[in-house]
Structures are given as structure tokens and as C-alpha cells.
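The values are calculated or read from the model by the stated rules, or taken from the named source; none is laboratory data. Computed from a prediction, not measured in an experiment: that's the story for all the values here. Reconstructed Cβ throughout: ideal geometry from the backbone, glycine too, with neighbour counts over all protein chains shown.
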Amino acid sequence: MNPAVSDTIRMARILCILLLVYAHAQPYQPGVPESLLSPMGLIHYLRQLLGHTSVPLLSLISGYLLARTLSARPFMDELGNKWASLIVPLVLWNLITIAKVYLESGLETAPAVHEWPNAVLAISAPPAMMPLYFLRDAFVCFLISPALIFLARKLPGTAAAALLLNALLNMDGVLFINSAIPLFYFAGCVLLVHKVPIPTHALPWKPVWAAGLAMVLLSVVAYHMPSEPGVSEPSSVADAAVDIALRAAGCVVFWSVASKLVNSRAGGLLLPFEPMAFFIFCAHGMAAGLWWMAIVRLGYAEVTPVFLSYFVLSPLLALIACVAAVWSIRRVAPGGLSLLMGGRIPNQQQMASMFKPLGHIHLARTTGV
């Protein structure tokens with residue numbers, strides 16, 4: 001793969017997963033805030049603009065990379081890898097969530113017998129750790145990927161129209177928790193199969209600015225959608241159309257941002273954390289929640305400047321907690337960490353590179369640079 005494309009994909013992955021923290025960070029409020037021009041209205045808006053909208057690019061990248069992998073590796077050989085990298089973490093993280101809730105409830109709250117298949121594997125509904133439905137849907141995309149790649153090669157327009165219709169009407173039933181995921185996954189397959197040039201430098205400013213404006217405006221519309229955080233369940237075709245358009249605009253904007261960050265100083269600080277991306281994706285709710293629990297215990301949860309500051313900083317706070325967790329678990333149970341990360345455990349050099357920026361900051365302060 002073109003190194004520039006590879007680096008931009010890595011940057012997009014860590015960028016989008018950190019932004020995803022906004023989709024699930026506290027504070028929450030039942031229903032939709034009465035006014036957008038309020039602290040909770042601002043949080044609700046940013047949750048949509050930056051949190052939910054960052055996810056589709058991950059689906060597109062997944063489709064692109066898998067189509068590339070299957071062009072050089074048999075499907076059955078890849079099946080075991082996808083089981084270990086998607087289903088095993090899905091099960092383990094959901095079991096951890098169930099145990100956490102059980103202990104916090106004083107050993108009183110546990111899924112009923114009939115709820116366990118969904119709680120652990122998301123058979124037909126979101127699992128115990130709700131954002132992890134993405135792993136389940138990504139695995140289903142893999143299972144049907146030979147058909148998707150064939151359609152991408154032979155009937156790309158027809159298949160895209162069918163998948164768009166499915167995303168609008170949710171015709172697949174329980175096959176996908178989020179019917180928009182296969183649409184963007186298929187788009188990634190099309191890009192690879194037809195060898196579409198992937199821009200990695202300055203994208204034309206007009207489409208990027210148009211997509212950014214669409215995000216800003218459509219997020220206001222989405223603000224009025226009574227949807228469950230993290231799962232796209234639009235109540236009408238019109239709402240679904242807004243949701244798809246918002247997600248498509250997000251793909252353009254966040255890819256453009258990632259391409260600009262790759263060769264920037266900020267990107268140089270962020271990219272070393274890319275090996276942490278999968279762990280952050282799985283643990284970001286709990287990682288950000290630790291800081292929120294401290295705020296609640298200190299009695300500041302209702303103080304507007306405090307909870308707004310926490311929300312704005314939640315991706316950074318989740319990153320700090322996840323790096324500390326991976327560093328600790330890696331020392332005492334590297335095998336367990338490998339299972340939790342689907343085999344993506346950072347090596348010693350990668351872990352060291354995450355701490356280099358901190359060392360440079362300390363050096364600058366002590367030397368007066």
C-alpha cells in the first residue's frame with residue numbers, strides 16, 4: 001500500500017475513535033434538550049456533530065482494507081483472524097461490562113437467561129457494552145464480503161443503491177444492528193476494487209467545505225431526532241436520509257482532516273497512539289466514565305463549567321486512562337491484553353513512542369526552550 005495512504009488511514013482511525021468518545025461521554029440527559037443554546041444543548045449537538053459522524057469513516061476504511069486483504073488471502077484463512085479480532089473481544093468486553101454492572105448493583109443486576117445471547121454477542125440487539133455492536137456488524141460484513149466484493153466489481157451502482165435503500169428502510173431486519181454500516185463498508189470495497197486514487201494531500205477545498213457546512217447544518221436537524229445515543233435508529237425515512245447524508249459528509253471532512261494532520265506537528269503527537277485505537281474503541285465508555293465518577297464524587301457534576309470542560313476534554317481523558325490501563329495490563333497479563341485487543345497488543349517500541357512526546361514536553365520546560 002502507498003505509505004501516504006497507510007499513514008492517513010492510521011491517522012483517520014485514531015482521530016475518529018477519539019472523536020467517538022463524544023458520543024458516549026457524560027453527562028447525559030433524558031430526551032432531547034429543550035434548547036440548542038444551552039449547556040446540554042451544546043453537548044447534544046457536539047455529540048452528533050463529532051461523535052456519531054466520525055464512525056462511518058471507520059466502516060469505509062474497514063471495507064477498503066478487507067477487500068485488499070481478500071485480494072491476496074483466501075477467505076477461510078482470514079475467517080480465524082476475524083473471529084479472534086472481532087468476536088473474541090466482543091465477548092470479553094461485554095462480559096467485563098456485565099460483571100461491572102453486577103458488582104456496582106450489589107450483586108443484584110444481571111441479564112436474564114434469555115438476554116445473555118444479545119448481551120454478549122449482540123445477536124439481534126445492541127450488547128451490554130452498546131458501542132460494540134460495531135464489532136458484530138463488522139463481522140457480518142466480513143461474512144458477506146465475497147458477495148460485496150463481487151457486486152463492487154460487477155454491479156457497483158445497483159448494489160450501492162440497494163444498500164442505500166436498506167439503510168433508509170432497515171430492510172435487513174436483525175442482520176445488522178446498524179443498517180448504515182454495510183453501505184459505507186461497501187463503499188470502501190468499491191474504492192479498492194476499482195483502484196480509485198485515494199487523496200492523501202490537500203483535498204479540493206470546495207467539496208470539503210461543502211461537506212463541513214452540511215455537517216454543521218444537518219447536525220442541527222439531527223438535534224431534533226429522538227435517537228438512542230450511539231445507535232442509528234431513525235424514526236422515518238426523512239430522518240434516515242439526514243443521518244446518511246451526515247455520515248457521508250463526515251467521511252469527507254474527517255479524511256481531509258486526517259490527511260492534513262499526517263505531516264503536521266499535532267499529527268506527529270497523535271499518530272503514535274494509533275496502536276491504542278482498538279483498545280480505546282472498546283474501553284472508551286469506561287475510561288471516560290472513571291473521570292466522570294470522580295467529578296460526581298467531588299460534587300461538581302452539576303457545575304456547568306466543570307461538566308462542559310469534562311465533556312470537551314473527554315477524548316484526551318479517555319486516552320490517558322486507556323494508555324495507563326494498557327501499560328499496566330501489558331506488564332501483568334500480556335496474554336489477556338492480546339485477547340482484549342484482538343491480537344493488536346502494542347509492542348515495546350510502540351509503547352515507548354507514546355511517552356516520547358511527554359518526555360519532550362518535560363525537557364522543554366526544564367531547559368526553558
Is there a residue being surrounded by fewer than 17 Cβ atoms within 10 Å (Cβ to Cβ), farther than 30 Å from PRO156 by Cβ and either out of contact with any helix residue (DSSP H, G or I) (no Cβ under 9 Å at 6 or more places or on another chain) or among the aromatic types (Phe, Trp, Tyr) (or both) anywhere in region 85-100? yes
Taking region 1-40 and keeping residues basic (Lys, Arg) and over 26 Å from TYR310 (Cβ atoms) leaves ARG10
For SER314, work out the one condition from (1) of a type in the set (Ser, Thr, Tyr); (2) touching a residue at least 24 places away in the same chain (Cβ under 8 Å); (3) not in a helix (DSSP H, G or I) it doesn't fulfil. (3)
From the list LEU95, LEU103, which one is over 17 Å from the mean Cα position of the chain (by Cα), in the same structural domain as LYS260 (by TED's automatic domain parsing), over 20 Å from GLU274 (Cβ atoms) and modelled with pLDDT of 95 or more? LEU95
Among the residues of region 1-37, count how many are at pLDDT 90 or above and exposed (fewer than 15 other Cβ atoms within 10 Å of the Cβ). 1
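Only one residue in SER35, SER54 is assigned to a loop (DSSP other than H, G, I, E, B), more than 24 Å from VAL174 (Cβ to Cβ) and polar (S, T, N, Q), so which one is that?
Working: SER54 fails: assigned to a loop (DSSP other than H, G, I, E, B).
Among SER35, SER54, only SER35 is assigned to a loop (DSSP other than H, G, I, E, B), more than 24 Å from VAL174 (Cβ to Cβ) and polar (S, T, N, Q).
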Report the residue count in region 98-116 for those that are not in a loop (DSSP other than H, G, I, E, B) and not acidic (Asp, Glu). 9
For LEU20, are the conditions met, namely being in a helix (DSSP H, G or I), out of contact with any Leu (no Cβ under 6 Å at 6 or more places or on another chain), over 25 Å from ALA240 (Cβ atoms) and outside the structural domain of ALA245 (by TED's automatic domain parsing)? no
